[in-house]
1. Looking at Thr137, Thr161, which is the one that is at pLDDT 95 or above, under 27 Å from Val62 (Cα atoms), over 19 Å from the mean Cα position of the chain (by Cα) and within 16 Å of the ligand (Cβ to nearest atom)?
2. Before we move on, is Gly214 crowded, with 20+ Cβ neighbours inside 10 Å and more than 20 Å from the chain's Cα centre (by Cα)?
3. So if I check each of Asn101, Asn94, which one is in contact with a strand residue (DSSP E or B) (Cβ under 7 Å, 6 or more places away or on another chain) and either under 14 Å from Arg195 (Cβ atoms) or touching a residue at least 12 places away in the same chain (Cβ under 8 Å) (or both)?
4. For region 45-120, list the strands (runs of 3 or more DSSP E) that sit wholly inside it and hold at least 2 residues that are within 12 Å of the ligand (Cβ to nearest atom) and under 22 Å from Pro142 (Cβ atoms); which are they?
5. Identify, please: which residue in region 206-242 is small (Gly, Ala, Ser) and touching a helix residue (DSSP H, G or I) at 6+ places or on another chain (Cβ under 9 Å) and is, among those, modelled with the lowest pLDDT?
6. Examine region 34-44 for a residue that is more than 10 Å from the ligand (Cβ to nearest atom), more than 19 Å from Ala163 (Cβ to Cβ) and polar (S, T, N, Q), and state whether such a residue exists.
7. Within region 125-232, considering only helices (runs of 4 or more DSSP H) that don't extend past its boundaries, which have at least 1 residues that are of a type in the set (Ser, Thr, Tyr) and touching a Pro at 6+ places or on another chain (Cβ under 9 Å)?
8. For residues that are away from the ligand (no atom under 13 Å from the Cβ) and of a type in the set (Gly, Ala, Ser), tally how many sit in region 15-32.
Amino acid sequence: MNRRIIRHGVTDSTSLRAFAALADGTATHGDVHVASAQTAGRGRLGREWSSPPGGDLYASVVLLPPAPGLDPVGLTMAVGLGVLRGLERLEVANLSLKWPNDVVDARGAKLAGILVESRGLQPSAPHYVAGFGVNVTRTEFPAELLRERPVTSLALCGAETDAEQALEGILVELEAALAQLSTSPHVLCDDFVARAGLHGQELEVTRGSERHRGRLLSLDLDVGLTLSSLDGEETIFPLEHVSGLRHI
Ligand code: BTN
């Protein structure tokens, strides 16, 4: 994959910069937009991603795969695995994935967040922007963030590193995970299940306003999530309809 790194210093959002490059026709597959801080960092579900200066990682990768494009859920899982494995290169132990794609430490504190987006996707010319934010050096976080959930950083996990080193490892592993998505999606799904600790677990699946409980039997990009309820009944949830998944 091409590794053109475009450095913005302080910008609104690396994902918005990637979309701007796509819109003006200057984007190429594999471009990486990096910022030292973001004034309008975007998180999932329209939330803000806290993005102060000081050494944390804010990056977005442009993906222009051949038509018909990539399975969006598979892509999200691949990016999650790429970021997780990239951070493990820094010898941070006991990391895992939390559905759909947070990287968390052993006590569930969030270390990194991932946002995969596309805009007006054309089947003949698919494009995606895979944005990820990693807390690298920060040891203090805004109170409103901590009210939502525990948060951590590589520094708090004991890793002596910087955003450049974290980015380098993530880009290598992201490329490998995207190749895995194309060549062996079943293995990618198995790896995701293992790294999210979902295997055979009792889960609660959110689909729209409904919640369902059951034990995970399998996760497959074509079939979906298969859960077995207490009475042994199997229910299949297409992955694109799963908005939440948690251990119970
Ligand atoms: C989440 O809500 O967990 C996803 C957060 C994704 C944040 C990253 S930081 C780099 C890229 N640019 C953005 O504006 N958002 C993503």
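The values are calculated or read from the model by the stated rules, or taken from the named source; none is laboratory data. These numbers were taken from a predicted model, which means no experiment stands behind them. Using ideal geometry, Cβ is built from the backbone for each residue, glycine included, and neighbour counts are taken over all protein chains shown.
1. Numbers: Thr161 fails: within 16 Å of the ligand (Cβ to nearest atom).
Answer to the check: Thr137.
2. Working: crowded, with 20+ Cβ neighbours inside 10 Å: yes; more than 20 Å from the chain's Cα centre (by Cα): yes.
Answer is yes for this residue.
3. On the way: Asn94 fails: in contact with a strand residue (DSSP E or B) (Cβ under 7 Å, 6 or more places away or on another chain).
Every option except Asn101 fails the conditions.
4. On the way: elements: 57-63, 96-98, 102-104, 110-117.
Output list reads 57-63, 102-104, 110-117.
5. The initial filter retains those residues of region 206-242 that are small (Gly, Ala, Ser), namely 208-209, 214, 218, 224, 228-229, 232.
Those left that are additionally touching a helix residue (DSSP H, G or I) at 6+ places or on another chain (Cβ under 9 Å): 208, 218, 224.
On the way: Gly208: 86, Ser218: 92, Gly224: 93.
Out of the qualifying residues, it is Gly208.
6. no
7. Numbers: elements: 143-148, 163-183, 185-195.
Hits in region 125-232: 163-183.
8. Step one: list which residues in region 15-32 are away from the ligand (no atom under 13 Å from the Cβ), which gives 21-31.
Okay, now just the ones that are also of a type in the set (Gly, Ala, Ser), so 21, 23, 25, 27, 30.
Residues meeting the conditions: 5.
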